[in-house]
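Take a look at the structure set out below.
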Amino acid sequence: MNTILALAGVVIKELYRRKDFYVLFVLTAVITLLMGSVSFFHDTGIVRYVKEIALLLIWIAALVIAIGTTARQIPAERENRTIFPLLAKPVTRGQVIVGKFAGCWLACGLALMVFYVFFGVVSGSREHYWPVLSFFQAFWLQWVMLGIVVAFVLLGSVVFAAPSSNATISFIVVLGILLLGGHLNQVALQQPEPLRSIVYGVYFLIPHLEWYDVRDLIVYDWNRVGWLDCALATLYAATYAGLLLFGAWLVFRRKPLNV
Amino acid sequence: MKKHGPYLILILLLAACFSLATVLQQRASAWTKRAQSDNVLKVLFGDGRRFFADGFFRQADVSFHSGFYPTIFDQARASQDTRHLTAKEGEPAAEEHEKQFNFLGRPRDWIERFGRHFAVTSHTHLEGKKEREILPWLKMSAELDPQKIETYTVSAYWLRDLGKVKEAEEFLREGLRNNPDSYEILFELGRLYSENYHDPARARNVWELALRRWSEQEAAGKKPDLRELDRTAVYLSHLEEKEGNLARALELLQLAKKASPTPAALQPQIDELKQRLTKRAPSIAPKTP
Amino acid sequence: METIVETRNLRVEYRAQDSGSGRKVAVKDLNLIVRAGEVFGFLGPNGAGKTTTMNVLLGFVNATSGAAFLFGVDVREPIARQRIGYLPELTYYYKFLTAEELLRFYARIFGIPQAQADQRIDALLKLVELDHARKRPIKTYSKGMQQRVGLAQALINNPDLLILDEPTSGLDPLGRMKVREIIQRLKNEGKTVFFSSHELGEVETVCDRVAIINQGELKVEGRVAELVEKHHANLERIFLNIIGYQTQAST
């Protein structure tokens, strides 16, 4: 556990010492504040569009941080040769995978927390009310979803040599699932066999990341998701992340590393 | 001299640039207008801005429904019509919309069933002054595509409803500047003068202009919307009737009847007007359009 | 005397880069023993199999057949590396960390308690003369400084076996002297040092025993003094004879 936490600590240090997070946060903050400062038809009470834009930017920034940070972990270790002094210590490859996952996921969580605090301040300053539990639920679900994304990208990073190709493929897959994943069953029904079975199979196999996107519930002030459903979604994410990490370990443990 | 040389050259160049700028300024403003580079959105997006404008208009509709909206996979089943945005409860457009927007259906599997716990699944419309939340999207849509007429008419409807009559008039006038031939915008402007400013003279002028624009477009073979002709003629007819110009009112109702999808609904009104005209001046025969 | 490093019929094969050549044998049935307290030199020309052997000992690469042991533990077990320190030839460390943070990270991996780690970090940074730069990120270090950070991290757990891959490569004469001093000091403390080098003069000075490997096969092994006496030549001449290099004078 100590080793895993030590590895995670290095990843987190890397995140806040690189400039990516600050650039994304400043961009999000500037765009949100700019949009919030615009007066539409002399009505200062309009708030939902600001929430909508802010949450969209938060989602984009979080995905960029998650995929960008994770995609370069193992390849950068190999390219920079830092993997050798690391694995020369009593560290297993499984611990490296789990440590990197923990670091990237925790780093995403920290970044997300900052974004959501900013969102809460901006939204509350206009609406004059803070649905803290709803915001926390939205944060939690997004963070848990990022766990699946991080695990997926980590698997990609041991399969693909170049971080750029891994990042591109991961972005496409994640965006594809977010936009289309929930509708593949409809698409499947419109296809002839055997394509129908294949598409339906894919529909059941993919992790349904779209469940974790509760932006509409926040923006339009709907009731929160039930806590039991939240817990089940967390369990689903943990299972998927575990499966993907196991796959990453299976691939990584066999990879020869030549000094 | 050697030490100051580069600085002197720099100053000379700056002076030359400044002089050139003052000379070219007037010519440049003509170029930019022709190249449409006076608007940063046109430069950035080109014609693709219309795609984004449609997206923002759709976002206004999503906002109107508080997030309950069909995806592209449901669009085939749900109607593309956006008349519900300005239709009151009980009107045919609103009732049609209620039927068409029932796109969810029963969940097909456990994934869909579970997923609905995290999504908006109730069909609601904004009300109680919350309709103002759709205005930013409409404004952004108009910025990106000033030729999208619907944006102006829907915005004006809701601005009037929210008590922002002056803003509605300004926005419609902006729409007219960008679309001088638009009978739809003229109709909305007329409604504003009639219902909000209670200025029948201005309303009449604007509605008559709308009818003229409609006729011009028909003559040019552009196939203008018959529903708009029907609507404008009916509203103008009611105005004329209120002002006591029954002959003109009758003329307009008969015009509306030709364009109406339900001409039989107008017949009783036409008959009533004819009766009233006959009572008032039986010798005056109505003009045929 | 305790056997620290042992290989038994170690064989490592790779798929050849050029097509049609089948598999390339990097290490052929290597049998090697290094005992406690020795300074052992592992020599060979480029491509001889030295690095591959080290990769197997460190667990970077799996052997095709045969076995390798550190302190009697199979090298595939991570615990085998609990008592070793490794200094790679090319030293790259996390550039965004300071020297102190890097050493603290590795100390945590070894499970060294905080107080003990603090003491050891202070001592090591003084030893490698990086105390003045301990708070600076490694990306601001010169090559020599990075090499010294490497040495410090290799010693963080007070290892019983130090594996060094070309430890003096790229160092100036002063740096090389310091490395030799550290190796001598470790030897005096009863530690075992296993290193590969091309600096035969240095090897002759520092090592107790050497092994020379060529084309994956162990060619000669023994105490430096014994080999010199047996072949009536210095280590460099022995090395060149083994790899089949004939000077113009001898042809």
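Each reported figure results from applying straightforward, stated rules to the coordinates on display, with no laboratory input. Since the model is a prediction, treat every value here as computed from it, not as a measurement. In this analysis, Cβ positions are derived from the backbone assuming ideal geometry, glycine residues included, and neighbour counts consider all displayed protein chains.
Kindly work out what percent of the DSSP beta bridges joining two residues of the protein assembly as shown are antiparallel, to the nearest 5. Antiparallel bridges: around 60 percent, rounded to the nearest 5.
Counting every other Cβ atom within 10 Å of each residue's Cβ, B:S122, B:S155, B:S63 order from fewest to most as B:S122, B:S63, B:S155.
Against chain B, whose longest principal axis comes from its Cα atoms, helix B:246-259 is set at around 70 degrees. The value of relative contact order for chain B, using C-alpha pairs under 8 Å at least six residues apart, is 11 percent.
Grouping the Cα pair distances of segment C:1-99 into 5 Å bins from zero gives a pair-distance distribution of 2, 11, 19, 22, 19, 12, 7, 5, 1, 0 percent in increasing distance order.
Distances between placed amide hydrogens fall under 5 Å for C:I4 paired with C:V34, C:R35, C:A36, all partners being 5 or more residues away or on another chain. Note on segment C:1-151: Lys pairs 8 or more places apart or on different chains, Cα atoms under 20 Å apart, count 9. Size descriptors for chain C, from the alpha-carbon set: Rg then Dmax equal 18.9, 63 Å. The alpha carbons of segment B:181-279 stretch over 39, 30, 18 Å along the principal axes, in descending order. By the count of other C-beta atoms within 10 Å, a proxy for reagent exposure, A:C230, A:C108 are ordered fewest to most as A:C230, A:C108. Quick one: P(r) of chain A from all Cα-Cα pairs, 5 Å bins, percents rounded to integers, in order of increasing distance. Binned Cα distances yield the sequence 1, 6, 12, 15, 17, 15, 12, 9, 6, 4, 2, 1, 0, 0. Once you have a ≥ b ≥ c as the square roots of the Cα gyration tensor eigenvalues for segment C:37-181, tell me rounded if a/c is under 1.5, and otherwise prolate or oblate according to whether a/b is larger than b/c. Verdict is oblate for segment C:37-181.
Backbone amide hydrogens, once placed in the peptide plane, bring C:L162 within less than 5 Å of C:G85, C:T192, C:V193, C:F194, excluding anything fewer than 5 places away on its chain. Could you tell me how far the Cα centroid of segment B:140-188 sits from the Cα centroid of segment A:174-239, in Å? Between the Cα centre of segment A:174-239 and that of segment B:140-188, the gap is 39 Å. A Förster distance of 25 Å, applied to the separation of the beta-carbon atoms of A:L110 and A:A161, puts the FRET efficiency at 0.30. Here, chain B has an Rg and a Dmax of 26.4, 104 Å when only alpha carbons are counted. In order along segment B:49-64, the phi-based Karplus estimate (6.51 cos²θ - 1.76 cosθ + 1.60, θ = phi - 60°) of 3J(HN,Hα) comes to 5, 5, 4, 5, 4, 4, x, 5, 5, 5, 5, 4, 5, 4, 5, 4 Hz; Gly and Pro are listed as x.
Annotation: peptides B:124-135, C:91-102, ranked by per-residue average of other Cβ atoms within 10 Å with the highest first, follow the order C:91-102, B:124-135. For chain A, find the longest principal axis of its Cα atoms and tell me its angle to the long axis of helix A:195-205, 0 to 90°, nearest 10. The answer is roughly 90 degrees. Overall, the anisotropy analysis places segment C:103-251 in the prolate class: the square-rooted eigenvalues a ≥ b ≥ c of its C-alpha gyration tensor yield a/c not less than 1.5, with a/b exceeding b/c. A simple rule links phi to the HN-Hα coupling: the Karplus curve 6.51 cos²θ - 1.76 cosθ + 1.60 with θ = phi - 60°, which for segment A:163-178 gives x, 5, 5, 4, 4, 4, 4, 4, 4, 5, 5, 5, 5, x, 5, 4 Hz, with x for Gly and Pro. Pairs with C-alpha atoms separated by more than 27 Å, drawn from the list B:K222/B:K242; A:K13/A:K89; A:K19/A:K100, are B:K222/B:K242. Subtracting the Cα-Cα distance of B:K166 and B:W110 from their residue separation scaled by 0.36 nm leaves 15.0 nm. Explain nothing, just the number: relative contact order of segment B:181-279, from Cα pairs under 8 Å at least 6 residues apart, as a whole percent. About 20 percent, as a whole number. The Kirkwood hydrodynamic radius of the protein assembly as shown, based on inverse pair distances between different Cα atoms, is 33.5 Å.
Given R0 = 56 Å, the distance between the Cβ atoms of A:I172 and B:K242 translates into a calculated FRET efficiency of 0.35.
For segment A:30-55 versus segment B:84-120, the spacing of their alpha-carbon centroids is 28 Å.
Counting other Cβ atoms within 10 Å of each Cβ, which trypsin sites (Lys or Arg not before Pro) in segment A:10-63 have at most 12 and sit in a DSSP loop? Those satisfying the criteria are A:K19. What the phi angles of segment B:114-121 give under the Karplus curve with 6.51, -1.76 and 1.60, with θ = phi - 60°, is a coupling list of 5, x, 5, 5, 10, 10, 7, 10 Hz, glycine and proline written as x. Each Lys and Arg Cβ is given +1 and each Asp and Glu Cβ -1; about its Cα centre, segment B:181-279 then shows a dipole of about 240 debye. Taking segment A:31-74 and a reference point 7 angstrom along Cα→Cβ of A:V121, the backbone N atoms nearer than 19 Å belong to A:31-38, A:50-59, A:61-62.
Residues whose amide H comes within less than 5 Å of that of C:K24, counting only those at least five positions distant or on another chain, are C:Y14, C:R15, C:A16 (H built at 1.01 Å from N in the peptide plane).
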